[in-house]
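Heads up, the thing below is written out as structure tokens.
The values are calculated or read from the model by the stated rules, or taken from the named source; none is laboratory data. Small disclaimer: the values here were computed from a predicted structure and weren't measured. Here Cβ is always computed from backbone atoms with ideal geometry, including for glycine, and neighbour counts include all displayed protein chains.
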Amino acid sequence: MKTKPRAGNDSPPSGHRRALPRPRRELSTGFVVSRILVLAVGSAVAFYAAPPLIAAESWTGLTVLAAATALIAYVYLSRRHLPLKYLVPGTVFLIAFQIFPVLFTLSTAFTNFGEGHRGTKEEAITSIQTSSVAQVPGSPEYNLSVAVRDGELVFLLVDTATKQVQAGTATGLEPVSGAELGLTGKVLSAPGFQVLTIPQAAARGAEISALTVPTAAGAIKANGLSRAFEGRAAKAYAPDCDCVTDSATGQKWTADPDEGAFVAADGSRLAQGWQVNVGFSNFTRVFTDPRISAHFLSLFAWDLLFAAASVLGTFGIGLIAALALHGVKVRGTRLYRVLLVLPYAMPAFAMFLVWRDMFNTDFGLINRVLGLHTDWFGEPVSARFAVILVNLWLGFPYMFLVTTGALQAIPSELGEAARIDGATPWHNFRRVTLPLLLIAVTPLLISSFAFNFNNFNAIRLTTNGAPFSVDNTTVGGTDLLITYTFRLAFEGGSAEFGFAAAISVFIFILVGIISALAFRRTRYQEEVYA
Amino acid sequence: MTWLRKMGWRHLVLIILTLFAVFPILFVLSAALNPLGTLGSSELLPTGASLDNFGKLFGNPNYPFLRWMVNSLALALISAFSSIFLGVCAAYAFSRMRFAGRRVGLLSLLLIQMFPQFLAIVAIIMMFTRVSELWPAFGFDSMGGLFLLYMGGALGVNTYLMKGFLDTVPKELDQSAAIDGATHAQIFFRIILPLVTPIIAVTGLLAFIGIISEFIVASVFLRDPETKTLAVGMFGMLGNDVRNANFGMFAAGTLLTAIPTVGVFLWLQKYIVSGLTAGAVKG
């Protein structure tokens, strides 16, 4: 392109063009309006997002927000960086909701994060102590009024012995002045607090019984809506031995910084642990823990088989259907086409469930039509056959569409020339049509493989991993790596997020390697750069 | 007998495949019309023609089907529209402009589409636990949050298909417009977008179908019955204890969900073939 942006109509012709800076473009209405629009949207988002971050004192979050807003304002207000103007909107979402979660998964894979290992050590200690709070004879009692301050639930406590008024929150006790006491010894009103009536308080009963006010000796808990007591923590943490001791039984749990848990001499551990960095142990566990490593390999093998069978099967069926309609005029072509693509247009989630119920042992259509009483999902072989069949049904119309298009794009002269040279139809297909077809569809086959390798719905909505063996309820016969990961993270009682994240990382790597190898074998990569 | 040799195999193959393709759908249809409404009494061919199941579907307070339908359609329409817009913007930049990082960007997109978003579901949940505290309007149980999540996948396979299609639109068109003084925005909105309507229609439809069927992210994200989508809600309809009894209702719901997509699908079928292959061949 040799043209430069046109100068404004009123700019005088100049003798020394080379000395001139870039000619200014006139400020068109569109230019101004679009800039104002971008600024308005950008600042609206920033002003919506910022206050909660400030309130939560999340300075990192605020910095990221400010940087992102500044970058967007710069990109759209300046005349330069044209490609960025088109790339930024999608990229912002991509980074926030796709790349960031992946990096986060990667960092989680190096921790023991999961049920019982969520927060810091301090939080674990507080949780251990407050959860062991029990009322003991002689501990102080309080008259309780439930109040709200700045939207937060507060206990207004009157010591029954000293009549001293204090406000209790989840962070501790603080003195209250100017409180008005009623006849029952409860606080009726206090400046800065909004005292709840009994019905109002009753409506928030769950929050009230959950609120624990930590004190030096233990913690204050509500007993109903108008009384509170200070209980003693049976388990206490002592920093000098870095251990938790149960004052009733005398049992002792010592902190283990590698495990992120308090462990007793007999090996038992407290339920509340904390999150620690465990290095590569989540990754090595896949290979060293015999309970997992045996299954991991079989899971991986079945996952490969499932993905390969799905891709080759759908491609095969789709190709046969496309070939049957290709080249000559077949009566009813339009009708055949419509009926053959119907499965692709049906809602996949619902059709998986329909197929699952067609395979139902007692009520399923397949058993009734065939007069059988087979538990299809009860044996690995039949369950695997069933899920592949279901996946073929859902997937072949896509391949049918794709191969139809690709076949039409192959010049018919090639086939005719081959026929004149004496090629049989089979040779013609094998040596001319198929190679040309594969060039066109290989990229789609590869992405289809990657998709099926992680085809969560196909398993979760049909067998849900079944059949399970009696001795191991975490790995099923039709489980893919992704459904296994999901069960580890969400459906087992343990919620091992760290380990699940490590397996996710394995899946990332496996899919990446397989795809890279496959792409390397095609011309695709060269064309990408075109 | 030459007809049999030349055409017979074609019809034989096509009839077998068509039966394979159609019989589950026929089963859904007959189950939806089945007056008894249970799985055990549903046959392949309709045994009766009653609209009881549809009545039950709309009259059941436990399963607010209409609400789910509205949720799903709104979410899918808005998400499909927005993700296509984000995608076509990026595709325009990749197809028409030369800049540092273009090759890397294209290859990254190719890689990213290999990784489904829900592989990072643990991280997403932790992220949105925090978002729910800070901005409840975009937290769990909100369509807003789910929409944002889906937008994370906007630059993926869609961008790739659209870039492939854009490459087939002659560059001379936008060059001549530029000579006539059109700005890049005018070229994009007035010239490029109208020319690529077919591929936008196709990728839009695919995105729409994808979001309607999206189950896993939505199932961990939406827990309140009122905010559920069709996929999450209807999954609950076939819980273990009610699977047999609710099947007719479920089949009716499946048909109602399918009607709009099947309609649009058949209407756009011609573009789908050319759109998918154009994107694939041209890369």
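With the structure loaded, tell me whether A:G151 is of a type outside the set (D, E) and at positive phi or whether it fails that test.
yes
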From the option list B:F188, B:F250, single residue qualifying as facing chain A (nearest Cβ under 10 Å), over 16 Å from the mean Cα position of the chain (by Cα), surrounded by fewer than 20 Cβ atoms within 10 Å (Cβ to Cβ) and at pLDDT 85 or above is B:F188
Need pairs with beta-carbon distance below 7 Å; first residue facing another protein chain (nearest Cβ under 8 Å) and within region B:99-115, second part of a loop (DSSP other than H, G, I, E, B); sequence gap 6+ or separate chains.
B:R103/A:Y529; B:I112/B:G156; B:Q113/B:G156
When residues of region A:382-437 are limited to those that are surrounded by fewer than 17 Cβ atoms within 10 Å (Cβ to Cβ) and among the basic types (K, R), the one farthest from A:F468 (Cα to Cα)
A:R419
Candidates B:I15, B:I25, filtered to the one that is within 9 Å of another protein chain (Cβ to nearest Cβ), surrounded by fewer than 17 Cβ atoms within 10 Å (Cβ to Cβ) and assigned to a helix (DSSP H, G or I):
B:I15
Go through the residues of region A:43-50 one by one and say whether even a single one is more than 9 Å from chain B (Cβ to nearest Cβ) and more than 28 Å from the chain's Cα centre (by Cα).
yes
Checked against (1) more than 25 Å from B:M127 (Cα to Cα); (2) within 11 Å of chain A (Cβ to nearest Cβ), B:G233 satisfies every condition except (1)
The one condition A:K221 fails out of (1) in contact (Cβ under 8 Å) with a residue 12 or more places away in the chain; (2) outside the structural domain of A:L156 (by TED's automatic domain parsing) is (2)
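Quick one: is B:L57 part of a helix (DSSP H, G or I), more than 10 Å from chain A (Cβ to nearest Cβ) and exposed (fewer than 13 other Cβ atoms within 10 Å of the Cβ)? Break it down stepwise before answering.
On the way: part of a helix (DSSP H, G or I): yes; more than 10 Å from chain A (Cβ to nearest Cβ): yes; exposed (fewer than 13 other Cβ atoms within 10 Å of the Cβ): no.
No, not satisfied.
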With the condition kept exactly as written, say whether any residue in region B:104-112 is at pLDDT 85 or above, out of contact with any helix residue (DSSP H, G or I) (no Cβ under 8 Å at 6 or more places or on another chain) and assigned to a loop (DSSP other than H, G, I, E, B).
no
Any idea which of (1) assigned to a loop (DSSP other than H, G, I, E, B); (2) in the same structural domain as A:N391 (by TED's automatic domain parsing) is the one A:A321 doesn't satisfy?
(1)
So which residues in region A:324-368 are part of a helix (DSSP H, G or I), free of Cβ contacts under 8 Å to residues at least 60 places away in the same chain and under 34 Å from the mean Cα position of the chain (by Cα)?
A:L342, A:P343, A:Y344, A:A345, A:A350, A:M351, A:V354, A:D357, A:M358
Would you check which residues across region A:436-468 are within 9 Å of chain B (Cβ to nearest Cβ) and either farther than 18 Å from A:I514 by Cβ or touching a strand residue (DSSP E or B) at 6+ places or on another chain (Cβ under 7 Å) (or both) and list them?
A:I439, A:A440, A:N457, A:R460, A:L461
With the condition kept exactly as written, say whether any residue in region A:272-292 is within 12 Å of another protein chain (Cβ to nearest Cβ), within 22 Å of A:S504 (Cβ to Cβ) and out of contact with any helix residue (DSSP H, G or I) (no Cβ under 6 Å at 6 or more places or on another chain).
yes
Those residues of region A:469-504 which are facing chain B (nearest Cβ under 9 Å) and either among the hydroxyl-bearing types (S, T, Y) or farther than 25 Å from A:A271 by Cβ (or both), in sequence order:
A:I482, A:T485, A:S504
Which of the residues that make up region A:350-367 are crowded, with 16+ Cβ neighbours inside 10 Å and in contact with an Asp or Glu (Cβ under 8 Å, 6 or more places away or on another chain)?
A:F363, A:G364, A:L365
Go through A:L438, A:L480, A:L510 for me and flag whichever is without any contact (Cβ under 8 Å) to a residue 12 or more places away in the chain and either outside the structural domain of A:G415 (by TED's automatic domain parsing) or not acidic (D, E) (or both).
A:L438
Name every residue in region A:358-403 that is away from chain B (no Cβ under 12 Å) and either among the charged types (D, E, K, R) or touching a Cys at 6+ places or on another chain (Cβ under 6 Å) (or both), in order of residue number.
A:D375, A:E379, A:R384
Please specify each residue of region A:262-292 satisfying the condition of being assigned to a helix (DSSP H, G or I) and either closer than 30 Å to A:S447 by Cβ or touching a Pro at 6+ places or on another chain (Cβ under 9 Å) (or both).
A:N282, A:F283, A:V286, A:F287, A:I292
Which of the residues that make up region A:150-169 are loosely packed, with under 15 Cβ neighbours inside 10 Å and either touching a helix residue (DSSP H, G or I) at 6+ places or on another chain (Cβ under 6 Å) or closer than 16 Å to A:T215 by Cα (or both)?
A:Q164
Single match in B:A137, B:A177, B:A154 (criterion: outside any helix (DSSP H, G or I), at negative phi and out of contact with any Asp or Glu (no Cβ under 8 Å at 6 or more places or on another chain)):
B:A154
Restrict the check to region A:425-446 and report whether at least one residue is assigned to a loop (DSSP other than H, G, I, E, B) and more than 30 Å from B:Y271 (Cα to Cα).
no
Just to be sure, is B:T159 surrounded by fewer than 22 Cβ atoms within 10 Å (Cβ to Cβ), under 29 Å from A:A518 (Cα atoms), more than 7 Å from chain A (Cβ to nearest Cβ) and within 29 Å of the chain's Cα centre (by Cα)?
no
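Name every residue in region A:193-219 that is within 38 Å of the chain's Cα centre (by Cα) and within 17 Å of A:Q166 (Cα to Cα), in order of residue number. Outline the logic, then answer.
First, the residues of region A:193-219 that are within 38 Å of the chain's Cα centre (by Cα): A:200-214, A:219.
Within region A:193-219, A:I208, A:L211, A:T212, A:V213, A:P214, A:A219 qualify.
From the list B:A21, B:A49, exactly one residue is among the small types (G, A, S), without any contact (Cβ under 8 Å) to a residue 40 or more places away in the chain and over 23 Å from A:G332 (Cβ atoms). Which is it? If you could, list the steps in order and put the result at the bottom.
Numbers: B:A21 fails: over 23 Å from A:G332 (Cβ atoms).
Just a single option satisfies the conditions, and that option is B:A49.
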How many of the residues making up region A:232-253 are closer than 14 Å to A:A271 by Cα and loosely packed, with under 14 Cβ neighbours inside 10 Å?
0
